[in-house]
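All remarks here apply to the structure that follows.
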């Protein structure tokens, strides 16, 4: 239920290594190890998404997304594989929030009264923005916890950097 091709991913890493060599960039070993590990970790997460029957589409457009109605995920393939892994985990975090809300809607709406599952779609309301911001933060936390449950050891510094970069856009939006 996904279109991730590990061999194509490895070929892309090898091609980037060749470019690094030609430019005398000798951080090849760190890059290679990090990206191959990320590819393997993506495969672990995709096993989990397959069990949950979540369709995952890797595509070459900006932004990664979780679609509540179809329980599907889109992951942008432009960044490094480590960043794609973080995005995939974050979107799985949204799935986990949705799954919890289905089991216990009262708890969800107590936390995120105006969140993504709310009938309040007024993007201008501060209540909506704060609920969405809280839900975004929670999706990052649940994605991180999922990685731990699956035995994936993340580079915490890089994960926090990517999480903060993503949350910054929501914070700016919420503060409008």
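The values are calculated or read from the model by the stated rules, or taken from the named source; none is laboratory data. None of these values were measured; they are calculated from a predicted model. Backbone-built Cβ (ideal geometry, glycine too); neighbour counts: all protein chains shown.
One table, with the values for the structure above:
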quantity	calculated
Only one of 10, 54 that is more than 21 Å from residue 160 (Cα to Cα), within 14 Å of the chain's Cα centre (by Cα) and either surrounded by 16 or more Cβ atoms within 10 Å (Cβ to Cβ) or at pLDDT 95 or above (or both)	54
Flag if residue 147 is touching a strand residue (DSSP E or B) at 6+ places or on another chain (Cβ under 9 Å) and modelled with pLDDT of 95 or more	no
Members of region 57-73 found to be surrounded by fewer than 19 Cβ atoms within 10 Å (Cβ to Cβ) and either within 11 Å of the chain's Cα centre (by Cα) or closer than 26 Å to residue 119 by Cα (or both), listed by number	63, 65, 67, 68, 69, 70, 71
Extreme residue, surrounded by the most Cβ atoms within 10 Å (Cβ to Cβ), among residues of region 127-154 that are in contact with a helix residue (DSSP H, G or I) (Cβ under 7 Å, 6 or more places away or on another chain) and in a loop (DSSP other than H, G, I, E, B)	154
Close pairs from region 97-118: first farther than 19 Å from residue 141 by Cα, partner outside any helix (DSSP H, G or I), Cβ under 6 Å, at least 6 apart	114/120
